[in-house]
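Below: one structure, written as C-alpha cells.
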Amino acid sequence: MTLSPSSAGILMAAPVLVLVAVFTLYPVGRALYQSMHIESPIFPSRFVGLQNYQNVLGGRYFTDAAWTTLRFAAVTVPLLVALGVLTALLLNESFVGNTLLRVGMILPWALPATVAGLIWKWVFLDSWGALNAGLYTAGFIDNYVAWLTTPRLAQMAVIVVFIWTQLPLTAVFLLAALQAVPAELYDAAAVDGAGVFGRFWNITLPGIRPMLVIVALYETLMAITNFDIVYALTQGGPGTATTMLTYFTWVESFKKLDFGVGSALAVLIALGSLVVILILVRAIPKGALVEERA
Amino acid sequence: MYTSTVKHLRHRLNRRGFVGTAAGAAVAAQAFLRTSRSALAATQLDFTIWNYAADIVQDNIDLFQEIDPEITVQLSDFGWPVFHETMVNRFISNTPTDVTYNGGNWLNEFAAAGWVVSLDDHFDWAAGYQDKVLPFAWQDMTYDGKVYGLPYYADTITFMYNAQALEDAGISAPPQTWEEVTEQSLQLKDGGMEHPFVYEFANTLPNVSEAFASMVFGRGGELIDEERNPLWADPESPAAQQLHWLIEAKNEHDILAVMDHETTITKAMNTGQHAFTVMFNYNLAALNNAATSPLAGQFALALMPGETHECYGFAKFYNMTQMAVDRGPEVIAAVGDFIQYFAGEVDGDYPVAKRWAVEQGLGFGQTALLDDPEVIAAYSAWVDVPLWREQLELARARRQAIWYGIWSESFHPLLGQALAGEITADECLQQSADAWNELKASVEG
C-alpha cells in the first residue's frame, strides 16, 4: 500500500500532534473550562459563565497585582538589557581571568530561582541578614534596615534578585551576538577616525540589535511570569507589595483552593502576555530581527 | 539526646530478639500493641507529615517497624507553609495517603469533604482516650461529635520574653496587659532596643491566625460566635482591639518587627534586639537551648497578656484517611496500630509523645505526661513549670468552621497590608469579615 504524500505527512506528524494535544491543547481547554465554573474541593462545582472573570477584573487585588507586575517588568527589563550589554562588552575584552569570569558569572543563572530567593533572603533578612550586618559593621547604618518588611524596599529586593538571576543569560546571549560582529568593521571605523562611542553606536548596536530584541522579549516574559523569587523571598508581602499576577494566581488556586478564579487569572495572564508581546513585536523597527537584503 | 523511654523500647526490642523465636517476637509485638488486627502480610502505610524534625519521625517509624515488621511505613514530608494545599491536592488526586498529620484548623474542611475519617467509626478504643487527653486537645480533634485522631502533640501559643533585657531596663515584671506590653516596649526602645516586640507573620504561614486567636483569647475574646459569625467586625470586640494593637505597635509606636518564621525569630531573639514575642510554646525550649542559643537562659514564659490570660490551645494529630478505609480492614487495623503506637498508651506509657516532649519541648495532649518525672525534668530546663501548668489550665481551643483554612488565606494578606500601612486596621477588619461571610454563605447558603 502506498500512502499519498499528504497522508504520509499527517501520519509522520501525528506523534507530535498528539503530544501537543496532550500537553498544550488539553491544559488550555481545561483552564478555559475551569475558568467558567466554581471549582473548589469544598464547594459544589457549577457553571458560572464569566462570573470568575468579572470577580477577578472587578477586584482590587487583581488591579494591584497587575500594576505591580507591569512596574516590575518596566524596571527590570531595561535594566537587564543595559547591564547585559555592559557585561557582554566587558567579557568581550581580552584580559587575564576573562575565561574564569565568564564561567563564574553563569553560576547565578544555573541556580534554581527558588534557591536564589532563599540565598538572598539570608542577605536581606531584617535582624540578622548579611547586608544589614555588613552595613552596620561598616558604619553605614545605625539601625538595621527592614528590607523585606518595608513595601518599597521589598520590591527593590525582588528586583535585585531577579536581575541577579537573569543577568548571566542576558550577558551570554549578547556576548554571542557581539562576537558575531565582524572585527574588520571596527578596524575600518578606527581608520575612519570613529571614537569608542561612535563605534558602539554605529557598529556594535546595529550588530547586536536582533539579539537585543530577543533578549528584551524573553526578559519581558520572564518578568511577567516571575513567581519563584517572590515565593521564596517575600511570599508576596509585605501585605501585597510584591504580589505579582502569577503569585496571585497561585494563591487563588492553591491557597484559597479557588481553581475557577485561578484558571480565569491564568487565562487573563496568557492573553495579557500575548498582547504585550504583540505590542513589543509591533514596536520593533522594521528589519531589526532580520537584515533586509536587496 | 535519647530519652529513657526510647532506650527502654530499644531494650525491649533487643530483649525480645534475645529471648525468642520470630513467632515469639510476633506474639509479643501483638500483645505490646494490643492490636485488634489479624495476621497481616506486609501492609504498607503512606504517612504524610509537615517537615518538623523528620529525622526523629523516621526514627520513631523505624522503632515501630521493628516492633511490628508486618507494617511498613512510607514517610512523605512537606513544608509547613504549603501543607494544607499539598494535602488537598493529594486528596483530590487520590495520591496514596493512609495516615496524616492534621490540625483543628483543617479538620472541619477535610472531614466535611470526606477525606479523613473519625476514629470512633473504626476503633472501639478511641472513645476511651477522652479521659486521658487534655480537654482543649480533645476539642481540637473533634468534628461533629466524633474524634478524628490522637495527639502527635498538643501545645499552646504563648507569650515569651527576655527576662534579662527587662531586668537590665529596670522592669521588674513581665507585662500583664497589652497596654503594658506597649509601655514596656517604649521603655526598652528608649534604652536603644529598636523593636522590642517581634511578631511571627508571613502571608503563607498557617499559624498566623492561630497566634492572633491566642492574643485575642488573652483578652478573653473569641473570633467567631456559636453560629460561626465573625466577631471581629465589632470595633469593641477583643479581636478588633488586638488587631488595632498590632497595627499601632507596628506603624504608630514602631516597636514591632515582623519576621516570617519561628526559626528566624529564635535567631533574632538571640541577637538581643527583641524582648517579646508570641509563638508556639515549644519555641521557648529552642530559645533556652544552650547548645544553639547564645542567650539561652534569659528567656521566660509569661501568661498571655490580657484580662483573662487565656491562650490558644490546640492539637496536631494522627488522622486516618478515607483512602485507608477504602483499602480494606487490614489497612484500617494497621493504621489503628500505628496511631496507638505513635499517640496511644503503650504499656502504661506514651513513648512517642513523651519523646517529643523531652527531646524537642513539644507540648502533649496525653494527661498522664503532665506528671511524668522525665518530662517535668526536661521542661524544667527551659520553662517555669508551675507557670506553664497555669497557662495550660487557661488554654482553650477555638471554634472552628469548614472554611477557616481558606479564609486564613484572605486574612493573612489583609493583615499584612495593614501591618505594611497599605490599609487601616478597620479596613482589614471589615474586609476580612466580608471574606468570612462570603465563604460562610457559599458553604451554608
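The values are calculated or read from the model by the stated rules, or taken from the named source; none is laboratory data. What you see is a predicted model, and the numbers here were worked out from it, not measured in a lab. With ideal geometry, Cβ positions are generated from the backbone for all residues, glycine too; neighbour counts draw on all protein chains shown. What goes into the accessible areas is simple: the full protein's heavy atoms, side chains included, and nothing from ligands, DNA or RNA. Shrake-Rupley method; radii C 1.70, N 1.55, O 1.52, S 1.80 Å.
Determine whether region B:159-178 contains at least one residue that is modelled with pLDDT of 95 or more, of a type in the set (Val, Ile, Thr) and not in a loop (DSSP other than H, G, I, E, B).
Scanning region B:159-178 turns up no residue that is modelled with pLDDT of 95 or more, of a type in the set (Val, Ile, Thr) and not in a loop (DSSP other than H, G, I, E, B).
Just checking, does region A:226-242 include any residue being among the polar types (S, T, N, Q), surrounded by fewer than 20 Cβ atoms within 10 Å (Cβ to Cβ) and away from chain B (no Cβ under 14 Å)?
no
From the list B:Asn281, B:Asn319, B:Asn289, exactly one residue is touching a Phe, Trp or Tyr at 6+ places or on another chain (Cβ under 9 Å), among the polar types (S, T, N, Q) and outside the structural domain of B:Leu415 (by TED's automatic domain parsing). Which is it?
Selected residue: B:Asn319, the only one of B:Asn281, B:Asn319, B:Asn289 that is touching a Phe, Trp or Tyr at 6+ places or on another chain (Cβ under 9 Å), among the polar types (S, T, N, Q) and outside the structural domain of B:Leu415 (by TED's automatic domain parsing).
Show me the helices (runs of 4 or more DSSP H) entirely contained within region B:1-112 in which 3 or more residues are of a type outside the set (D, E, K, R), modelled with pLDDT of 90 or more and open to solvent by 20 Å² or more (accessible area, probe 1.4 Å).
Helices (runs of 4 or more DSSP H) meeting the threshold: B:54-67.
Looking at region A:243-280, which of the residues that are open to solvent by less than 20 Å² (accessible area, probe 1.4 Å) and more than 29 Å from B:Ala418 (Cβ to Cβ) is modelled with the highest pLDDT?
So the residue we want is A:Ser263.
Can B:Val352 be described as under 23 Å from B:Trp50 (Cβ atoms), over 20 Å from the mean Cα position of the chain (by Cα) and either part of a loop (DSSP other than H, G, I, E, B) or touching a residue at least 60 places away in the same chain (Cβ under 8 Å) (or both)?
So B:Val352 does not fit the description; no.
Among residues belonging to region B:388-397 that are in a helix (DSSP H, G or I) and either open to solvent by less than 20 Å² (accessible area, probe 1.4 Å) or closer than 28 Å to B:Gly145 by Cβ (or both), point out the one that is farthest from the other protein chains (Cβ to nearest Cβ).
Among those that are in a helix (DSSP H, G or I) and either open to solvent by less than 20 Å² (accessible area, probe 1.4 Å) or closer than 28 Å to B:Gly145 by Cβ (or both), it is B:Glu393.
Quick one: B:Gly145 ticks every box in (1) over 16 Å from the mean Cα position of the chain (by Cα); (2) closer than 21 Å to B:Ile406 by Cβ except a single one, so which number is it?
(2)
Does B:Gly297 fit the bill of being in the same structural domain as B:Ala165 (by TED's automatic domain parsing), out of contact with any Cys (no Cβ under 6 Å at 6 or more places or on another chain) and surrounded by fewer than 20 Cβ atoms within 10 Å (Cβ to Cβ)?
yes
This table checks each residue for (1) assigned to a helix (DSSP H, G or I); (2) over 19 Å from B:Leu134 (Cβ atoms); (3) free of Cβ contacts under 8 Å to residues at least 60 places away in the same chain.
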site: B:Arg399; (1), (2), (3): no, no, no
site: B:Ile406; (1), (2), (3): yes, yes, no
site: B:Gly416; (1), (2), (3): yes, yes, no
site: B:Glu422; (1), (2), (3): no, yes, yes
site: B:Cys428; (1), (2), (3): yes, yes, no
site: B:Glu438; (1), (2), (3): yes, yes, yes
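Counting just the residues of region A:118-133 that are open to solvent by less than 60 Å² (accessible area, probe 1.4 Å) and touching a residue at least 24 places away in the same chain (Cβ under 8 Å), which one comes out farthest from the other protein chains (Cβ to nearest Cβ)?
Only one residue tops the list, namely A:Trp120.
Open to solvent by 30 Å² or more (accessible area, probe 1.4 Å), of a type outside the set (Ser, Thr, Tyr) and free of Cβ contacts under 8 Å to residues at least 24 places away in the same chain: does that describe A:Val160?
no
From the list B:Val258, B:Val216, exactly one residue is in contact with a helix residue (DSSP H, G or I) (Cβ under 7 Å, 6 or more places away or on another chain), crowded, with 21+ Cβ neighbours inside 10 Å and at pLDDT below 95. Which is it?
Of B:Val258, B:Val216, the one residue that is in contact with a helix residue (DSSP H, G or I) (Cβ under 7 Å, 6 or more places away or on another chain), crowded, with 21+ Cβ neighbours inside 10 Å and at pLDDT below 95 is B:Val258.
Taking region B:427-445 on its own, how many of its residues are under 30 Å from A:Gln155 (Cα atoms) and out of contact with any helix residue (DSSP H, G or I) (no Cβ under 8 Å at 6 or more places or on another chain)?
The total comes to 3.
Which one of these does A:Tyr136 not meet: (1) open to solvent by less than 60 Å² (accessible area, probe 1.4 Å); (2) more than 25 Å from the chain's Cα centre (by Cα); (3) within 14 Å of chain B (Cβ to nearest Cβ); (4) of a type outside the set (Lys, Arg)?
(1)
From A:Leu100, A:Leu86, A:Leu57, grab the single residue that is open to solvent by 80 Å² or more (accessible area, probe 1.4 Å) and in contact (Cβ under 8 Å) with a residue 12 or more places away in the chain.
Only one candidate qualifies: A:Leu57.
Which members of region B:265-287 meet the condition of being touching a residue at least 60 places away in the same chain (Cβ under 8 Å), part of a loop (DSSP other than H, G, I, E, B) and closer than 20 Å to B:Ala169 by Cβ?
B:Gly272, B:Gln273, B:His274, B:Ala275
Among the residues of region B:300-335, what is the count of those that are within 15 Å of B:Gln391 (Cβ to Cβ) and hydrophobic (A, V, I, L, M, F, W, C)?
Residues in region B:300-335 being within 15 Å of B:Gln391 (Cβ to Cβ) and hydrophobic (A, V, I, L, M, F, W, C): 7 in total.
In this structure, does B:Leu186 turn out to be in a loop (DSSP other than H, G, I, E, B), touching a residue at least 60 places away in the same chain (Cβ under 8 Å) and of a type in the set (A, V, I, L, M, F, W, C)?
no
What do you reckon, is B:Leu186 open to solvent by 10 Å² or more (accessible area, probe 1.4 Å), among the hydrophobic types (A, V, I, L, M, F, W, C) and within 22 Å of B:Leu439 (Cβ to Cβ)?
no
Residues to consider are B:Tyr404, B:Tyr318; find the one that is within 14 Å of another protein chain (Cβ to nearest Cβ) and either open to solvent by less than 40 Å² (accessible area, probe 1.4 Å) or more than 20 Å from the chain's Cα centre (by Cα) (or both).
Checking each option against the conditions leaves just B:Tyr404.
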